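Visitor: Got a structure for you, questions after.
Bear in mind that the values in this text are calculations on the coordinates, not laboratory data. Predicted model, so just to flag it, every value in this text is computed and none were measured. Note that we place each Cβ from the backbone using ideal geometry, even for glycine, and neighbour counts take in every protein chain shown.
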Ligand code: GLY
């Protein structure tokens, strides 16, 4: 473990203990916000900067972003450069063969824009494609076969963003990624572990072995990862633009890979792929404006739905991670996730009652279901239609530039290394985003979770996502830029980052290090991280919660703007992340 990692893990434990203690005191009705700390006097301090800042899950990529900012690029230029760099240095989640969302605040116009470059189902996809002749879900088909791959959106999305809001040529923002792919980088313990865990999936395919194996062994921490084919693909993109991915040499190779292994993606699927500019979903919370990702993400709607509920409770008085605060968080989460399973899907295919779900009046109705002391069993919250499965591996980064532009990007291959399939000759890992559909509505999928009709597989449809790049504005100016990976837990990790900042006055380092909780309606359990105190847990159990401690949730990348200073922090749950500023 490096000094850097030791420092982070020590800091996380200290914060967990001190915040848990703070929670218990607050539960006894002492106002936790009575003492205000300047960030420079806080126990755990964020990175500070004045001009520009990049927070990502890989220090090498954050460096790329800050260099672009220093060279005069804006936040979108940096975001595109970081997106390409992460495809090289964070191969388990950063990508060219996946998809995602970008949320942008344009300082000049004051506009907030949501960019959707989510993958979509190929034209030949059909509702029952993951079932056998008996109608049973075939294990792994939606995860680790060529049928798992959705039509990728990342390259189109990054190019679109650059052309619309960037200021630098594509060749310039792709150049750092090419260098990293050609020269290679040393694999960290975190990436080494991910490679080791996924070696069976990656090892199935010669094209993937060629990238991630040497002498028959999967690469490990300390080895160098050099990716000549990926560098070649990046060079083609730098020279010819996204066209080469969707209608040229790279696209041809992806289509050949599909044809050889029974995949569905065709030349016309690639040619027909379109990026969509959407209106973000917006709400308000204690005087702040919350701007987040609309469907096909479920994240923005449910973050606002939960904040509308939480606004009626004096959380600052209850204190961070006190039993009372966790109770209201969990109750709001339970109600929102029940709605999610029922109503959310690709808006081109299903009518999502967005304005209803985010209205304050609806929160008034929902609040009547919340008992101040007792948990309501999930079975009574709403029968039927449980939650669609979403996986854990995705990545988020946040960027602010000196003009005040703010960009939040969450993009993904779905699982770690996606399908595990590298399209031969491209170095590009392909996603397994098709598993974000309900592979069989109403019946557990490969992971034992089930989903509803709104998210069933249909040709040309975008699978429901939890990715929630989010901006919080104060007086129309960015105040918090945040988001997280973590599958279904993305939404609750992002929610708690906002609540920690607004209700508990935590800086981004404190907010990131605070232990998280999560309830997703089904399973009917309150999942907590290590660090929630035993007496808080006991109180929650007495209220009727089934409290389970499980691995950490989310890895936020947050930037806050306070009094002209940029304060940022990369979640200590991933020691490879770094927030850099100038
Ligand atoms: N694949 C994770 C998500 O989109 O939520």
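Visitor: Has segment 100-115 got at least one residue that is more than 16 Å from the ligand (Cβ to nearest atom), under 26 Å from residue 63 (Cβ atoms) and in a loop (DSSP other than H, G, I, E, B)?
Guide: Yes: segment 100-115 contains one or more residues that are more than 16 Å from the ligand (Cβ to nearest atom), under 26 Å from residue 63 (Cβ atoms) and in a loop (DSSP other than H, G, I, E, B).
Visitor: Next question, about the same structure. Determine if segment 530-545 includes at least one residue that is within 17 Å of residue 322 (Cβ to Cβ) and part of a strand (DSSP E or B).
Guide: No, the conditions are met nowhere in segment 530-545.
Visitor: Is it the case, given these coordinates, that residue 463 is within 16 Å of the ligand (Cβ to nearest atom), closer than 30 Å to residue 151 by Cα and in contact with a strand residue (DSSP E or B) (Cβ under 6 Å, 6 or more places away or on another chain)? Write out each step before concluding.
Guide: Values: within 16 Å of the ligand (Cβ to nearest atom): yes; closer than 30 Å to residue 151 by Cα: yes; in contact with a strand residue (DSSP E or B) (Cβ under 6 Å, 6 or more places away or on another chain): no.
Criteria not met by residue 463.
Visitor: Within segment 521-540, is there a residue that is within 16 Å of the ligand (Cβ to nearest atom), farther than 19 Å from residue 414 by Cα and surrounded by 24 or more Cβ atoms within 10 Å (Cβ to Cβ)?
Guide: no
Visitor: Could you tell me whether segment 230-248 includes any residue that is touching a helix residue (DSSP H, G or I) at 6+ places or on another chain (Cβ under 6 Å), assigned to a loop (DSSP other than H, G, I, E, B) and buried (at least 22 other Cβ atoms within 10 Å of the Cβ)?
Guide: yes
Visitor: Show the residue pairs meeting these rules: Cβ distance below 7 Å; 6+ apart or different chains; first residue within segment 459-474 and on the phi > 0 side of the Ramachandran plot; second residue more than 9 Å from the ligand (Cβ to nearest atom) and not in a loop (DSSP other than H, G, I, E, B).
Guide: 460/120
Visitor: Just to be sure, is residue 366 buried (at least 24 other Cβ atoms within 10 Å of the Cβ) and either in contact (Cβ under 8 Å) with a residue 12 or more places away in the chain or away from the ligand (no atom under 16 Å from the Cβ) (or both)? Write out each step before concluding.
Guide: Numbers: buried (at least 24 other Cβ atoms within 10 Å of the Cβ): no; either in contact (Cβ under 8 Å) with a residue 12 or more places away in the chain or away from the ligand (no atom under 16 Å from the Cβ) (or both): yes.
Taking the combined requirement at face value, the residue does not satisfy it.
Visitor: To continue, here is another question. Can you tell me which residues in segment 37-63 are over 25 Å from residue 187 (Cβ atoms), outside any loop (DSSP other than H, G, I, E, B) and touching a residue at least 12 places away in the same chain (Cβ under 8 Å)?
Guide: 39, 48, 49, 53
Visitor: Residue 548 fails exactly one of the following numbered conditions: (1) without any contact (Cβ under 8 Å) to a residue 24 or more places away in the chain; (2) crowded, with 24+ Cβ neighbours inside 10 Å. What is the number of that condition?
Guide: (2)
Visitor: In segment 418-444, what residues are more than 13 Å from the ligand (Cβ to nearest atom), surrounded by 24 or more Cβ atoms within 10 Å (Cβ to Cβ) and in contact (Cβ under 8 Å) with a residue 60 or more places away in the chain?
Guide: The initial filter retains those residues of segment 418-444 that are more than 13 Å from the ligand (Cβ to nearest atom), namely 420-430, 438-444.
Pick out the ones that are also surrounded by 24 or more Cβ atoms within 10 Å (Cβ to Cβ) and you get 420-423, 426-430, 438-439.
The answer is 420, 421, 422, 423, 426, 427, 428, 429, 430, 439.
Visitor: Further question: How many residues does segment 116-134 contain that are out of contact with any helix residue (DSSP H, G or I) (no Cβ under 9 Å at 6 or more places or on another chain) and either within 16 Å of the ligand (Cβ to nearest atom) or without any contact (Cβ under 8 Å) to a residue 24 or more places away in the chain (or both)? Steps first, please.
Guide: Here is the first cut: in segment 116-134, the ones out of contact with any helix residue (DSSP H, G or I) (no Cβ under 9 Å at 6 or more places or on another chain) are 126-128, 131-134.
Within this subset, residues satisfying the condition of being either within 16 Å of the ligand (Cβ to nearest atom) or without any contact (Cβ under 8 Å) to a residue 24 or more places away in the chain (or both) are 132-134.
The number of residues fulfilling the criteria is 3.
Visitor: Which of the numbered conditions does residue 167 fail, given that it passes all the others? Conditions: (1) over 23 Å from residue 393 (Cα atoms); (2) within 22 Å of the chain's Cα centre (by Cα).
Guide: (2)
Visitor: List the pairs whose first member sits in segment 480-491 and is closer than 18 Å to residue 102 by Cβ, whose second member is part of a helix (DSSP H, G or I) and within 9 Å of the ligand (Cβ to nearest atom), and whose Cβ atoms are under 8 Å apart, counting only residues at least 6 apart or on separate chains?
Guide: Pairs that qualify, where the first residue is closer than 18 Å to residue 102 by Cβ and the partner is part of a helix (DSSP H, G or I) and within 9 Å of the ligand (Cβ to nearest atom), are 483/490; 484/490; 490/299; 491/299.
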